[in-house]
Amino acid sequence: MSIDENRRRGDLPAPLAAFSRILDVLAHVTIGLAGTALVALVVMMGWLVFGRYVLNDTPTWIERGATLAILAIAMPVAAVGVRERFHLSVLGLRESLLPGAQRWIALGCDALVGLFGLGMAIWSWELVEMVMNFRIPLLGISQGWTYVPMVVGGALIALFATEQVLRDIFVPEAPEKRGPAAAFLE
């Protein structure tokens with residue numbers, strides 16, 4: 001089957017399909033870990049309330065631990081939003097253009113998101129290295145753990161945006177017709 005036939009049918013080339021399956025697993029693992037962190041956050045908040053109002057002894061470490069849990073949930077799940085295309089998107093200008101121009105704009109936007117994710121991962125890693133010798137007072141762990149979710153989120157954004165760029169190139173359907181967000185456009 002030729003590349004043009006693949007593009008018309010929407011079939012992915014074998015390497016891109018394999019890459020996409022790997023990213024499917026990675027996205028599911030990310031959501032699973034975020035769900036676990038959310039459960040831990042709820043338990044921590046429950047312990048905080050119990051400690052404060054029942055024991056009259058507020059566990060001080062929970063607030064700082066909750067902050068880390070929120071970061072561990074938000075940053076990687078935001079990256080999954082790039083893959084599933086449920087992130088913020090303004091389509092008015094792009095939809096007013098010709099289909100060929102729409103594809104180029106989508107490709108450019110996805111490439112910029114990927115570059116943003118790569119930059120976020122690199123510069124967040126610099127923050128991790130800069131503060132790794134400092135300890136979070138109430139938890140006793142490295143301050144670097146505050147920025148690790150940004151590194152992970154940025155790397156995932158770069159990976160998922162790379163997949164979107166490749167799909168922009170090889171799949172003829174409009175980008176907003178892919179992923180769960182497509183259901184809201186109909």
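The values are calculated or read from the model by the stated rules, or taken from the named source; none is laboratory data. None of these values were measured; they are calculated from a predicted model. Counting neighbours? That spans all protein chains shown, and the Cβs are built from the backbone with ideal geometry, glycine included.
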### Summary
All-but-one check, L55 against (1) assigned to a helix (DSSP H, G or I); (2) surrounded by fewer than 18 Cβ atoms within 10 Å (Cβ to Cβ), failing number (1)
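Of the residues that sit in the range 111-158 and are aromatic (F, W, Y) and surrounded by fewer than 19 Cβ atoms within 10 Å (Cβ to Cβ), which one is farthest from V77 (Cα to Cα)?
Keep residues of the range 111-158 that are aromatic (F, W, Y), which gives 116, 123, 125, 134, 145, 147.
So of that shortlist, the ones also surrounded by fewer than 19 Cβ atoms within 10 Å (Cβ to Cβ) come out as 116, 123, 125, 134, 145.
Numbers: F116: 16, W123: 19, W125: 19, F134: 27, W145: 17 Å.
Ranking the candidates gives F134 first.
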### Task
Could you check, for the range 149-171, whether at least one of its residues is touching a residue at least 60 places away in the same chain (Cβ under 8 Å), among the aliphatic types (A, V, I, L, M) and more than 25 Å from P13 (Cβ to Cβ)?
yes
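Rundown of residues vs (1) at pLDDT 90 or above; (2) within 16 Å of T67 (Cβ to Cβ), yes/no style:
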position	(1), (2)
M120	yes, no
G140	no, yes
Y147	yes, yes
G153	yes, yes
A161	yes, no
Q164	yes, no
F170	no, no
E173	no, no
A182	no, no
### Summary
Expected output for the range 32-53 (first residue without any contact (Cβ under 8 Å) to a residue 24 or more places away in the chain, partner assigned to a helix (DSSP H, G or I) and of a type outside the set (V, I, T), Cβ below 7 Å, 6+ apart or cross-chain) is M45/A66
### Task
Could you please give the count of residues in the range 66-78 that are crowded, with 20+ Cβ neighbours inside 10 Å and over 10 Å from A37 (Cβ atoms)?
1
